[in-house]
Amino acid sequence: MVIYKSNRKNINYKSRYIDSAPFRGIKISEKTRIEKLTLLEKCLALQELLPENVAFSHSTAIYLLNIGTPWGIDTDEIIHLTIINNKKRIRRPNVKTHYIKIKPTEKIPIIKINGLRVVAPELLWFSMVRELTLQESVVLGSLFVSNNHELTTLKKISNFVNTRYNCNGHKLALKQLKQIIVGTDSPMETRIHTQIKKFGLPNFQPNYPICIDDEIIMLADGALPDKKICFEYDGREFHSEPAKMISDKRKRSLVFKAGWSVIVLTYEDYLNPQKYIHIIEELLE
């Protein structure tokens, strides 16, 4: 798909552009009326009309980062934009604008993703704190600092939050910042760690390497090394593949023989945690 600005002016949007582009002033090729544009394509078209101090944010930015989606994120067609150091409103269909003021000495919190200007992870997390539950705010922050993505660091998030001391959500962000888990690989892993904390149990170390004869046999999703207790979360899709199931069974058998207690968890265990929590409590006695 090719996107470009139209040079023609004063053309009625409804009669001229409705079949070819989502925004007035933009033309696209290789798309027909019956084809539905993806959110990425809509953002690419919209960016042609935006000044440099405007970036995609909130749920739109989370989608563009493609790192996983916290629960509670709106799935509507609204495109979210954040305007930096300007209060000028952008009037476009299905576009919602947000505003932030950055000091001249501060770095402009914008990164590039697939050619699009997107707010930096630190600003994105701060913007979503009041829109998500505590658990899902922790999930989002943990995704940003996860081993798989490493989009930012906990220190960078903390430094940015400290610059927002006079903004709405600052105190809440400081509170939730302490809960972010560094080292998890998926939203469900983070939710399990958060759930274990909620029941007052010790913090499990995420992605802990369990070694036998100086060889790493398994990276446990969570572990208490001094107690030789670990848990593994089996997702519905990834861990249901036959080859993966055989590999997991072999690794867990070796770890069990080495004296570890291995607790295998599923989504159903997350929904009804009392049983696995009780097992951990008994192992800790």
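Each of the peptides 92-101, 267-276 was scored by the mean count of other Cβ atoms within 10 Å over its residues; in descending order, highest first, they stand as 92-101, 267-276. Over all projection directions, the Cα-based convex hull of region 118-217 averages an area of 7.4 nm². Only sites in a loop by DSSP and with at most 11 other Cβ atoms within 10 Å count here; which chymotrypsin sites (Phe, Trp or Tyr not before Pro) in region 123-186 make the cut? Those satisfying the criteria are TYR165. Pick from ILE84, ILE110, ILE212: which residue has the top mean-square fluctuation in a GNM of the chain where Cα pairs under 10 Å get a spring? The residue with the greatest mean-square fluctuation here is ILE212. If R0 is 51 Å, the Cβ-Cβ spacing of ASP214 and ARG91 corresponds to a FRET efficiency of close to 0.20. The stretch between LEU39 and LYS249 holds 71.6 nm of extra length on full extension. This uses 0.36 nm per residue minus the Cα-Cα distance. Within the listed set THR194, THR153, THR38, the residue fluctuating most in the Gaussian network model of the chain (springs between alpha-carbon atoms under 10 angstrom) is THR38. Stokes-Einstein diffusion of region 49-177 at 37 °C, 0.692 mPa s viscosity, Kirkwood radius from Cα pairs, rounded to a whole number: 220 µm²/s. The shape of region 195-285 comes out oblate: with a ≥ b ≥ c from the C-alpha gyration tensor, a/c is at least 1.5 while a/b does not beat b/c. Its alpha carbons give the chain an Rg and a Dmax of 23.2, 77 Å. Where is the GNM fluctuation largest for the chain (alpha-carbon springs, 10 angstrom cutoff): CYS167, CYS230, CYS43? Answer for the Gaussian network model of the chain: CYS167. Of all DSSP bridge pairs formed entirely within region 49-177, close to 50 percent run antiparallel. The count of lysine pairs in region 107-213 with alpha-carbon distances below 20 Å, taking only pairs 8 or more places apart or on different chains, stands at 13. Loop-resident GluC sites (Glu not before Pro) (DSSP state other than H, G, I, E or B) in region 147-218 with no more than 15 further Cβ atoms inside 10 Å of their Cβ: GLU150.
Read the figures in this text as sums done on the coordinates, not as results from a lab. Note that the structure is predicted; figures quoted are calculated from it, not measured. Quick reminder, even Gly has a Cβ in these numbers, built from the backbone with ideal geometry, and neighbours come from all protein chains shown.
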